[in-house]
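Okay, so here's the structure we're looking at.
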Amino acid sequence: MKKKDYKWRALVFNPIIVVVYGIGCCSLSLLAKYGGVALRAPIILIAFLSLFIWFAWCLYRSKRKRSTTKKRTSSALEKISKLWVMVSTISLVVITFATGINIYQSGTNLQGKLAFVIEDLFNKRKVEFVHDNVYKDDLDGLFADLQTKIDLPNELYLSNHFDLTFTKDGQITSLYSFLYGLNDDGEIKSFLIDYDRSKSNDITVYLNGYTDTPFDETMKLRPLINNVKNLPIKETVDDWNEETLGIYYAGYRSWGYNTEGILYFDEEGDTFPIETAKDEITGYTISVYAPNSSGITPVRFVDYSSISDSLQDKVSTANQDKNDEETYFINEYLGYQLSVVDAAAGSRFYTLNQTLDGGNTWETFNPDPFSGEIGTSTGITFIDEKLGFIGLAHGGSTYADLYRTTDGGSTFEKVDLPTIEVPLTDTEKYAPFDFPEMPSKENGNLFLLVGQGEDGDHNGGSKVLYRSTDDGATWEYAEEII
């Protein structure tokens, strides 16, 4: 039986080789976790190229070694060589195993840069923007371009708003909207559309993002697409001494009794002003404005043909009483409801009620879930029968607090979120993200979107996403969502 040459193996897997392999794997793990190709790619390349050259040379030497007479190896050197071969083998296996785990973790659940790269690979699309003039192509051109790469549902809904800027000659310069709808198979699909002409001539579309999906009739996109082509947008902005202009749409809206800047329009696009409002002004509204000027009153085109009692009721309810009662059912029978028991100066005091019979009867379960705090409810959700969250807005919805229960609503504690600061000036910073929404659970983790409240204007009203791996006891920043 041929005796193994441990001296030769020890030379092949010498300590320098183990160190170089470790450096290469460590850099590979850091690249997957934090990115930084320019910094880490050269290290990885040099490390693994050096190993390749070394093993190629060893393979070449081993073939020549077979044709030469073998020298006798001392027993002590043989033992040391054998021991080192074992140590180096174990070291290489451990390094490989640890690197594999780190790369896997970095590629899942948004825990590292690799996860975002994989996410973009599957859910990010670049679409060439050809029909990019709002005067010539309307919005039909935009969605025709999107359809070349993306299968859009026939009926789309707004998750938040549609915001578009353009130049005096109609050239679209930026675009943002978060849309969703049902595809032909009845599946909910979402589309975050982002375009900035100063950065790229392509539209970026993020697919399959998180969205609350009520399919609210007041948030249909179709009225915007149908009516932009008929409205006198060019004539409206001709006299404005501004290079950047904008179109803003947030569905069916109420303007109260304020007639300033309001124009009704009919199906042909003919407009007529409102001198006095006898009734509340509501309707699908397309606003034309100057983003960089506070001295120009936006012109708000309100679709007169869209006015209906049912939609008016929805808007009125949303504006006046949407926070009076928030209800969440865990199953067919068990549900919770935040109910107003007192109100003053725009704030409310709530109790938490419970039903065990599907909502037929309710009983007070927690008489003071917000621990004496008053404000306006921002929502209620339960992850399971024990873990749940409620929210309370303050200061006219300029900021809000999130509360957590782990005992099915008997007690709540205020959630402490890490503060995210952004530059206010060259020397000052501030924390704009102060309006948490309701968390949701995905792949064993909780995710929480935090917005900016009514007074927030950082980065186009962007939000930040937090992640929790311990059922909401602690949270960590994941990413900013524009």
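Computed from point charges on the beta carbon alone (+1 for Lys and Arg, -1 for Asp and Glu), the dipole magnitude for the range 105-244 about its Cα centre is near 400 Debye.
Working note: Karplus 6.51/-1.76/1.60 with θ = phi - 60° gives the range 242-251 the couplings 9, 7, 10, 10, x, 10, 10, 9, 9, x Hz, where Gly and Pro are set to x. Here the chain is assigned +1 on the Cβ of each Lys and Arg and -1 on the Cβ of each Asp and Glu. Its dipole about the Cα centre then comes out at about 6760 debye. Accessible surface area normalised per residue over the chain is 56 Å², counting heavy atoms of protein chains with a 1.4 Å rolling probe. You can think of it this way: the chain between Lys234 and Thr297 has 21.1 nm of extra reach, that is 0.36 nm per residue less the Cα-Cα gap.
Dividing the summed helix terms, -39500 (n - 2.57) for each DSSP H run of n ≥ 4, by the number of residues in the chain produces a 222 nm estimate of -9000 deg cm²/dmol to the nearest 500. Simple spin-label model, 7 Å along Cα-to-Cβ: His161 to Glu280 in nm? The modelled label-to-label distance comes out at 2.0 nm. On the basis of the beta-carbon distance and an R0 of 30 Å, Ser410 and Glu476 show a calculated FRET efficiency of 0.65. Classify the range 188-265 as rounded, prolate or oblate from the Cα gyration tensor: take a ≥ b ≥ c as the square roots of its eigenvalues, call it rounded if a/c is under 1.5, otherwise prolate when a/b beats b/c and oblate if not. Oblate, since a/c reaches 1.5 and b/c is not below a/b.
Seen from Glu155, the other residues with C-beta closer than 15 Å to its C-beta sum to a net charge of -3, counting Lys and Arg as +1 and Asp and Glu as -1.
Pairs of lysine residues in the range 90-170 that meet both criteria, 8 or more places apart or on different chains and Cα atoms under 21 Å apart, total 5. Shape of the range 1-60 from its Cα gyration tensor (a ≥ b ≥ c, root eigenvalues): rounded if a/c is under 1.5, otherwise prolate when a/b > b/c, or oblate? Here the range 1-60 falls in the prolate category. How much FRET efficiency would the formula 1/(1 + (r/R0)^6) give for Asn241 and Ser440, where r is the Cβ-Cβ distance and R0 is 45 Å, rounded to 0.05? Using R0 = 45 Å, I get an efficiency of 0.45.
Projected onto planes of every orientation and averaged, the convex hull of the alpha-carbon atoms in the range 405-482 covers 6.1 nm².
In the chain, taking the dipole from charged Cβ atoms about the Cα centre, the farthest positive-side position among Thr99, Ile274, Ser198 is held by Thr99.
With each label modelled as a point 7 angstrom along the Cα→C-beta vector, the Tyr104-Phe55 pair spans 2.1 nm. Place +1 on the Cβ of every Lys and Arg and -1 on the Cβ of every Asp and Glu in the range 113-200, take the dipole about the Cα centre, and give the residue among Thr167, Leu146, Gly181 whose Cα lies farthest towards its positive end. Most positive-ward Cα: Thr167.
Val87 to Leu45: FRET efficiency via 1/(1 + (r/R0)^6), r the Cβ-Cβ distance, R0 30 Å, to the nearest 0.05? That pair, Val87 with Leu45, gives E of 0.65. The packing ranking of peptides 167-175, 155-163, 357-365, 196-204, highest mean first, is 155-163, 167-175, 196-204, 357-365, where packing means the average number of other beta carbon atoms within 10 angstrom of each residue. When each full DSSP H helix of the chain is screened for a Cα extent of at least 20 Å along its own axis and an average Kyte-Doolittle hydropathy of at least 0.5, the helices passing are 15-34, 37-66, 75-106. Using only side-chain charges placed at the Cβ, +1 for Lys and Arg and -1 for Asp and Glu, the dipole size of the range 164-292 relative to its Cα centre rounds to 320 debye.
Which trypsin sites (Lys or Arg not before Pro) from the range 1-59 combine a DSSP loop assignment with at most 16 other Cβ atoms within 10 Å? When the trypsin sites (Lys or Arg not before Pro) of the range 1-59 are filtered for loop state and at most 16 Cβ neighbours within 10 Å, Lys2, Lys3, Lys4 remain.
The values are calculated or read from the model by the stated rules, or taken from the named source; none is laboratory data. What you see is a predicted model, and the numbers here were worked out from it, not measured in a lab. Quick reminder, even Gly has a Cβ in these numbers, built from the backbone with ideal geometry, and neighbours come from all protein chains shown. Note: accessible area is taken over every heavy atom of the protein model, side chains too, but ligands, DNA and RNA are not part of it. Shrake-Rupley method; radii C 1.70, N 1.55, O 1.52, S 1.80 Å.
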